[in-house]
Structure formats: structure tokens, C-alpha cells
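Engineer: Shown below is the structure under consideration.
Derivation of every value follows stated rules applied to the coordinates shown; laboratory data play no part. Given the structure is predicted, the values throughout are model-derived calculations rather than measurements. Cβ placement follows ideal geometry from the backbone for every residue including glycine, while neighbour counts extend to all protein chains displayed.
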Amino acid sequence: MAIEKTLSIVKPNSTLDNNIGNIMAVFEKNGLRISGAKFARLSKEKAEGFYIEHKERPFFGELVNFMTSGPVMLIVLEGENAVAKNRELMGATNPANAAEGTIRKLYAKSVGENSVHGSDSATAAEREIAYFFERNEVMNRF
Ligand code: CMP
């Protein structure tokens, strides 16, 4: 399996709950390396553009409000099978359905305030990383 990169976003509920380090530790303890990272406050326009595929969903406004309500940690993860590995570590979108030990089971509050975002495919990861990072801000760690 090739080395991949994927994007993780530590969402405002988890930055405000002091869980940035705990979440990064889950990645590092499970074979993913941090290849880029930025602490940021997203503008409404930046959050809307990121989630453009959800524009017609009833929760779009709520999602954008939440993602701009506080700081986020944008993280590029690198590793073998990184997209799937990150999704496994996050757990189900709705924390009520997330497996024991996953990030969302440990730290999420609800389907909206679900602690982390993770790219859902290698194609999405490429787009999402380029949306937040310049090329020279991402390292190759493997
Ligand atoms: P994320 O992986 O960031 O991608 C889209 C987000 O929409 C998802 O995580 C959830 O946080 C959010 N979402 C999905 N369903 C709902 C919902 N019913 N209400 C609020 N937010 C939702």
C-alpha cells in the first residue's frame, strides 16, 4: 500500500476542550505522521467553500456557523493507507455510532460537534490539503 496524505481538522469543540494534543497523540501513536499543521480561525467564506458539496443539505448553515465559531487545527497526516487509517481512528460521523476508543467516541458531543473532519478519499484529500496549505507548508515525512 502506498504512502498517502490526508487532511484532518480538529473542530472548534475539541480545540476549546483542550483536546488538540490528545487527538494528535492518537494519530502519532497509530503510525500517522504530522506533515503540516496550522491553527486558524476560518472565515465564513472559507468554511462555505470547504463544505461546498453539502450546500443543499439542511444542516449546511449550522455546519458553517459551528466551524467558524472558534479556532480549528488543520493537520496534514501522512502514512501508509492514511485516508482509511484516519477514518478508522475518527470513528463514525455520529458519535452515538462511533466504536469504543475512536476519537469521536472519546471527544465528540454530537453529529455536528463531532471533534474531527477527515478526508473521505485520496481525491478529496488532495483537494482539501490544497485548499488550506501551500505546497511548501507540507513536508514529506516518509
Ligand atoms: P465532516 O466530516 O466534517 O463533514 C460534513 C459534516 O457535516 C460532518 O462531519 C458532520 O459534522 C456534519 N453533519 C452531518 N450530518 C449533520 C447533521 N444532521 N446535523 C449537523 N451537522 C451534520
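Engineer: Within a 10 angstrom radius of the beta carbon, how do 104, 33, 57 rank from fewest other beta carbons to most?
Structural biologist: Lowest to highest Cβ neighbour count: 57, 33, 104.
Engineer: Can you give the calculated 222 nm mean residue ellipticity of the chain, where each DSSP H run of n ≥ 4 adds -39,500 (n - 2.57) and the sum is split over every residue, rounded to the nearest 500 deg cm²/dmol?
Structural biologist: -10500 deg cm²/dmol
Engineer: Oh, and also: Please rank 24, 139, fewest neighbouring Cβ atoms within 10 Å first, as an exposure proxy.
Structural biologist: Lowest count first: 139, 24.
Engineer: Which three numbers, in whole Å and largest first, are the semi-axes of the equivalent ellipsoid of the range 73-142 derived from its Cα gyration tensor as √(5λ)?
Structural biologist: 24, 13, 10
Engineer: With a cap of 13 neighbouring Cβ atoms within 10 Å, and only residues DSSP puts in a loop, list the chymotrypsin sites (Phe, Trp or Tyr not before Pro) found in the range 1-83.
Structural biologist: 59
Engineer: Counting other Cβ atoms within 10 Å, keep those with at most 12, restrict to DSSP loop, and tell me which GluC sites (Glu not before Pro) in the range 44-142 are left.
Structural biologist: 56, 100, 134
Engineer: Next question. Report the rotationally averaged projected area of the range 4-142 based on its alpha-carbon convex hull, in square nanometres.
Structural biologist: 7.6 nm²
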